[in-house]
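All remarks here apply to the structure that follows.
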């Protein structure tokens, strides 16, 4: 079977609108975040509040993962995704309102972060229904590559729009992109019943989270998906203080390396190699950063960052190993828990990196976090051997059967 992105879109027609809606949502988030960061900085002259305006919604993901994620499998996916996208678009439009108090801005951002955490669970749970198991890795690879390209293009387009319009004008453009995503979901995807029965609630979310984390294989996979990745994002958060003049180049090389790794892993890596290369790729993600102990110049630093970032492809390989281990009817919550935990750990590690750099230096902090990532990868590896990742008999978290497509 061909593993090209084009063949995936052709043989699974419903994946095309799913892919388009996800890309529109990333574009809306990128342009809107940039515009809001500029708007808040213009009002407050506070770098901290500006950064929170851009990235604060990611920190709300942990609340969504602990309170709302059970709904990811207990709501009709098309209706839930369309409603959440429309809600996000409406929130972005509200942020463009002149004179909106600062507390209201952050209240809207908190709501958007909670909605995004639930939308991630619904989206990736639905992906397991749209794509057959053999195409899941290729589909996730295409989504990851498209998200990276869209983010780069979104920041560039956002900068141009800010020069031509006001920040509020760019927020309205972002709201329009979000509304387009909602319409694409509503009219491009077919209606399906929920994957699980029962009422979603915080108690049910916590119960299923405990179920997911109670299995040693799943727990180890989650830790391997969250911690080494988060520590390296912490390294990246120090690019600006490490080399302000070349920080943009370092970020660009990181994005290029990540896109290259995701493309190779998704399209060309044979199945027999995917299990073997997950651990080496996690090590590759961290080891090149150890060169920062020598405080390298821009040429060596950018080369190290580009090579290291290909190791982000380990996340795709481990997600492919996680999906068969999930109890029936928990796919949305399980994949949403992965996404929310990853974003939360990235924020925590960025704060950790900043604290270490405050008392040492950016180069020392980058080296320390990279070394810790290596240690964590080696410590987790015994629990990730193929004989430890046996597929358990599926069991439902609810006495009600899984819904069937309608």
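If the condition is being assigned to a helix (DSSP H, G or I) and crowded, with 22+ Cβ neighbours inside 10 Å, then segment 323-338 contributes 331, 332, 333, 334, 335, 336, 337, 338. If you take the residues in segment 165-193 that are in a loop (DSSP other than H, G, I, E, B) and more than 23 Å from the chain's Cα centre (by Cα), which one is farthest from residue 9 (Cα to Cα)? Filtering first and then ranking leaves 166. Comparison of 196, 157 shows that the only residue that is at pLDDT below 85, surrounded by 15 or more Cβ atoms within 10 Å (Cβ to Cβ) and closer than 30 Å to residue 67 by Cβ is 196.
The values are calculated or read from the model by the stated rules, or taken from the named source; none is laboratory data. Everything numeric in this text was worked out from a predicted model, so none of it was measured. Ideal geometry is used to build each Cβ from the backbone, glycine not excepted, and the neighbour counts take in all protein chains shown.
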